[in-house]
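Below you'll find the structure, written out as structure tokens, and then a few comments.
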């Protein structure tokens, strides 16, 4: 980090906590993009190097999109703590980690600017009480929002193209698979089919789903099939 920028960090900021916000958009990204998660978590060490002994890691939103359609418990807790003046500085690896929609950005800017909470985006410290710096970080937020919109449009076009060619496939319910020709068939393994058939027959034979569940528990039917 540019040490000249560190002069923005004052005793009033050090007297409050440093928060490190970490997010990945989906559980698949959490599993496959481990280096990205590590780089975000490494902001904890950066916070320590700048004077905070015990930075607060906010990782509740790993696997949660920031498009605005999902509840982000970590982001909500972060905003609440900023409003309560608990946060002296907020670290995020890049602008898109915080949000990809304008309303959330507006909330962050409002609280941080009025309550003297600094924001670290990558390797730069921003003081959002300064109009020029608020505008600069706002541009990054707008670009992140636009990037998401473009990605969603491309994904939609790709799905529509596959559907038009008859190549679009979705995840099938348990017990079914796609055959080499793209058709939907029952799972070929008889040991895999038997429990599903048993469940269907049990539900059909009883008046509720609870009774066949109890029957499976008592008879150990499923365990016997897989032993």
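The values are calculated or read from the model by the stated rules, or taken from the named source; none is laboratory data. Since the model is a prediction, treat every value here as computed from it, not as a measurement. Cβ sites come from the backbone with ideal geometry, for glycine too, and all protein chains shown count toward neighbours.
The requirement of being surrounded by 13 or more Cβ atoms within 10 Å (Cβ to Cβ), at pLDDT 90 or above and either outside any loop (DSSP other than H, G, I, E, B) or more than 18 Å from the chain's Cα centre (by Cα) (or both) is not satisfied by residue 53.
Among the residues making up the range 109-126, those that are closer than 10 Å to residue 83 by Cα and surrounded by 17 or more Cβ atoms within 10 Å (Cβ to Cβ) are 111, 112, 115, 117.
Among residues of the range 82-95 being surrounded by fewer than 19 Cβ atoms within 10 Å (Cβ to Cβ) and within 18 Å of residue 43 (Cβ to Cβ), the one that is modelled with the highest pLDDT is 86.
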